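Down below is the structure, laid out as structure tokens.
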């Protein structure tokens, strides 16, 4: 069933699916997405900037093992203006360390050329 849906998404495009999901589900509670923190402009920016193959790779990994793969996903997404100009960012404060689940995500991103970084924050 998942393979069929992923094939559909590859055929129609992940960006189109993202836009459609917002239109259809933004008013509904979802444990995967806090729609109160997502607006149409953010969805449009993400759909424009993040390549379909990156979205599909992330969705496929999450769906493979939802419980485990929801852990460790980066805290932020920094979106630029041009297609491909984005970065997933894990934020770490003083004395904080990367968890194993976060390291797994960073390795996954690196293997697929998905832009990701760790922002080490210190108090000035």
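Bear in mind that the values in this text are calculations on the coordinates, not laboratory data. Source: prediction; values computed, not measured.
For segment 88-109 versus segment 1-51, the spacing of their alpha-carbon centroids is 24 Å.
Helix 100-111 and the longest principal axis of the Cα set of the chain meet at an angle near 60°.
Each Cα pair under 8 Å and six or more residues apart adds its sequence gap; the mean of these over the residue count of the chain is a relative contact order of 21 percent. Computed from Cα atoms, the angle from the helix 40-49 axis to the main principal axis of the chain rounds to 80 degrees. Only helices enter the 222 nm calculation for the chain: every DSSP H run of n ≥ 4 contributes -39,500 (n - 2.57), and dividing by all residues gives -15000 deg cm²/dmol, rounded to 500. Taking the C-alpha atoms only, the angle from helix 14-25 to the longest principal axis of the chain is near 80 degrees. DSSP bridge analysis restricted to the chain gives an antiparallel fraction near 45%, rounded to the nearest 5. The smallest convex shape that holds all Cα atoms of segment 14-83, its convex hull, gives 93 Å³ per residue. Each listed q (0.12, 0.13, 0.23 Å⁻¹) maps to a log10 I(q)/I(0) for the chain, found by the Debye formula over equal Cα scatterers with no solvent: -0.49, -0.58, -1.62. Extension gain for the segment residue 7 to residue 37, taken as residue separation times 0.36 nm less the Cα-Cα distance, is 7.9 nm to one decimal.
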